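The values are calculated or read from the model by the stated rules, or taken from the named source; none is laboratory data. Source: prediction; values computed, not measured. Backbone-built Cβ (ideal geometry, glycine too); neighbour counts: all protein chains shown.
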Amino acid sequence: MYLAGVSVRRVEDITEALWGTRVSSGTVSNLNQKAYENIEKWRCRPLTGEYAYVYVDGVYLKRSWGGEVQNVSVLVAIGVDQDGYREILGAAEGMKEDHESWRSFFVWLKERGLTGVRLVIGDKNLGMLETVHEVFPDAKYQRCIVHFYRNVFSVVPKGKVRTVAMMLKAIHAQESKEAARQKAAQVAEKLREMKLSAAAKKVEDSIKETLTFMDFPSQHWTRIRTNNTLERLNREIKRRTRAIGAFPDGNSALMLVCARLRHVAGTDWGTKRYMNMDHLLEMDTDLNETLAG
């Protein structure tokens, strides 16, 4: 019940209602420790094969620290393997989503065998951006277009959000990166005509990092231009951890998150093919033939 997101107090109430005897918080804690051993083995398992696409994000939870409640960040990575299936690559406590946290996380993944990374998809986080190319020099970065839209909307009056949303979507609906750049320039000009110069500047400054997905097979575009696959996992984590309130420490938060991740990995989420990776192989073959010619 606890690993499913039920609070310790609620576990005590339920066991008393069922059996007439309360299972103490100490008993729940001892049972959790046994479960955590298996979860930790799964969390630190070796990674085999190659993962061309890697989605990353941070989940914020509450923890008790020195009598105060503070935020603790759990960094999560999902990869798409050579056969097109999603796999939860790892989760680790990050405290803050800063340079050192992200660097340690990426190095940890690499030491466990993460290879073949060609595209990292995530929100724009300076700590993460600085370390992607440091740890995976051959990988490109794709900024989640949904987060990009939200950033632009932050400087757009509520009554104009819908119109601006349609304009932004038109950029990413283009058939090529060059066409998308031209459309972005037109959108920025139109935004200035609408007296939305701040929004226009955000488009001009950031549009390039949202178009990286166009360097990959068009059949994959809808899957790799957003971080939605991780966003859905994050909602599941928060739904399950909401009942806990503040965790006693960062490790207990991490273990509960990993318990939920491991559970999701065993459902249709992890056993259903996410994309056809043959398209990436075909693109590489065509490119090599062009270079050879």
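Which of the residues spanning the range 181-217 are under 25 Å from Tyr85 (Cα atoms), in a helix (DSSP H, G or I) and in contact (Cβ under 8 Å) with a residue 60 or more places away in the chain?
Quick first cut of the range 181-217, residues under 25 Å from Tyr85 (Cα atoms) only: 210-217.
Then drop every residue that is not in a helix (DSSP H, G or I), which leaves 210, 212-215.
Within the range 181-217, Thr210, Thr212, Phe213, Asp215 qualify.
So that you can scan it fast, the table gives a plain yes or no per residue for (1) under 19 Å from Asp57 (Cβ atoms); (2) of a type in the set (Phe, Trp, Tyr):
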residue	(1), (2)
Leu256	yes, no
Leu261	yes, no
Ala265	yes, no
Thr271	no, no
Tyr274	yes, yes
Met277	no, no
Leu287	no, no
Ala292	no, no
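Consider Gly116 carefully, then state whether it is within 19 Å of Lys140 (Cα to Cα) and in contact (Cβ under 8 Å) with a residue 60 or more places away in the chain.
Numbers: within 19 Å of Lys140 (Cα to Cα): yes; in contact (Cβ under 8 Å) with a residue 60 or more places away in the chain: yes.
The answer is yes for Gly116.
Within the range 249-280, work out how many residues are surrounded by fewer than 14 Cβ atoms within 10 Å (Cβ to Cβ), in contact (Cβ under 8 Å) with a residue 24 or more places away in the chain and assigned to a helix (DSSP H, G or I).
1
Condition check: under 16 Å from the mean Cα position of the chain (by Cα), modelled with pLDDT of 95 or more and either surrounded by 15 or more Cβ atoms within 10 Å (Cβ to Cβ) or aliphatic (A, V, I, L, M) (or both). Does Leu61 satisfy that? Give the derivation first.
Details: under 16 Å from the mean Cα position of the chain (by Cα): yes; modelled with pLDDT of 95 or more: no; either surrounded by 15 or more Cβ atoms within 10 Å (Cβ to Cβ) or aliphatic (A, V, I, L, M) (or both): yes.
Here the answer is no, as Leu61 does not meet what is asked.
Keeping to the range 25-63, report how many residues are outside any helix (DSSP H, G or I) and under 21 Å from Glu87 (Cβ atoms). Walk me through how you get there before you give the answer.
First pass over the range 25-63, keeping only residues outside any helix (DSSP H, G or I): 44-63.
Checking the rest, the ones that are also under 21 Å from Glu87 (Cβ atoms) come to 44-59.
Result for the range 25-63: 16.
With the requirement that a residue be touching a strand residue (DSSP E or B) at 6+ places or on another chain (Cβ under 9 Å) and among the aliphatic types (A, V, I, L, M), what does the range 260-293 give you?
Passing the criteria: Leu261, Val264, Ala265, Met275, Met277, Leu280.
Is it the case, given these coordinates, that Leu230 is at pLDDT below 95, of a type in the set (A, V, I, L, M) and surrounded by 15 or more Cβ atoms within 10 Å (Cβ to Cβ)?
On the way: at pLDDT below 95: yes; of a type in the set (A, V, I, L, M): yes; surrounded by 15 or more Cβ atoms within 10 Å (Cβ to Cβ): yes.
Yes.
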